[in-house]
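Some notes on the structure that comes next.
The values are calculated or read from the model by the stated rules, or taken from the named source; none is laboratory data. This is a predicted model, so every value here is computed, not measured. Here Cβ is always computed from backbone atoms with ideal geometry, including for glycine, and neighbour counts include all displayed protein chains. We work out accessible area using only protein heavy atoms, side chains counted, and drop any ligands, DNA or RNA first. Shrake-Rupley method; radii C 1.70, N 1.55, O 1.52, S 1.80 Å.
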Amino acid sequence: MSRQASKDTGAELAVRRLLHAAGLRYRVEYPVPGMARRRIDVAFTRAKVAVLIDGCFWHGCPRHATHPKSNAEWWRNKLDRNMARDRETTEHLTALGWTVLRFWEHEDPAEVATRVRAAVVRRLGERAGKRETWGD
């Protein structure tokens with residue numbers, strides 16, 4: 001497991017390159033506020049958009065997840081805990097006002113980047129609209 005990349009995976013790098021090329025700037029491996037040892041893969045802090053790109057095996061992709069036969073019970077518990085932690089992190093960020101976007105590593109990076117860009121633009125527009133009404 002120690003050889004498994006936990007950050008800067010191929011899927012993450014592909015999406016980040018496209019987002020950067022589109023002119024978006026972001027934080028990488030940003031700490032989840034209020035949750036120790038948890039990170040957001042790509043964070044747009046001003047817009048409060050969290051992008052998490054999950055590995056199919058580690059996070060239980062319904063299409064590609066496999067179940068090891070050796071030490072099966074231990075693996076099942078491990079993967080179930082990962083999925084529970086994912087849900088908890090999403091709920092926590094949502095409660096803090098973040099938009100949470102989760103993608104699987106097998107998804108097309110161009111489609112992911114398009115959806116992320118749309119969410120960031122929408123959130124920045126919402127926040128700008130709120131600022132404009134403060135002076136009224």
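Summary of values
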| read-out | value |
| --- | --- |
| Two-decimal Rg to Rh for segment 29-136 - Kirkwood Rh, Cα set | 1.08 |
| Within the chain, helix-based [θ] at 222 nm, where runs of 4 or more DSSP H residues each add -39,500 (n - 2.57), nearest 500 | -16000 deg cm²/dmol |
| Accessible-area value, GLU126, 1.4 Å probe, nucleic acids and ligands omitted, Å² | 80 Å² |
| Order by protection proxy (mean Cβ within 10 Å, highest first), peptides 98-104, 46-52 | 46-52, 98-104 |
| Apportionment of accessible area to carbon and sulfur, segment 1-78, percent (1.4 Å) | 49 percent |
| For ALA22, net neighbour charge (Lys/Arg +1, Asp/Glu -1) across residues whose Cβ lies under 14 Å away | +4 |
| 5 angstrom amide H check on THR9, placed H, neighbours 5+ away | none |
| Proximal lysine pairs, the chain, alpha carbons under 24 Å, eight or more residues apart or interchain | 4 |
| Rounded to the nearest 20 debye, dipole of the chain from Cβ charges on Lys, Arg, Asp, Glu | 280 debye |
| Relative contact order computed over segment 22-136 (Cα-Cα under 8 Å; 6+ residues apart), in percent | 26 percent |
| Positive-end residue, the chain charge dipole about Cα centroid, Cβ charges, pick of HIS59, VAL32, PHE103 | VAL32 |
| For peptides 70-79, 115-124, 86-95, sequence by mean Cβ density within 10 Å, most packed first | 115-124, 86-95, 70-79 |
| The chain - accessible surface per residue (Å², probe 1.4 Å) | 64 Å² |
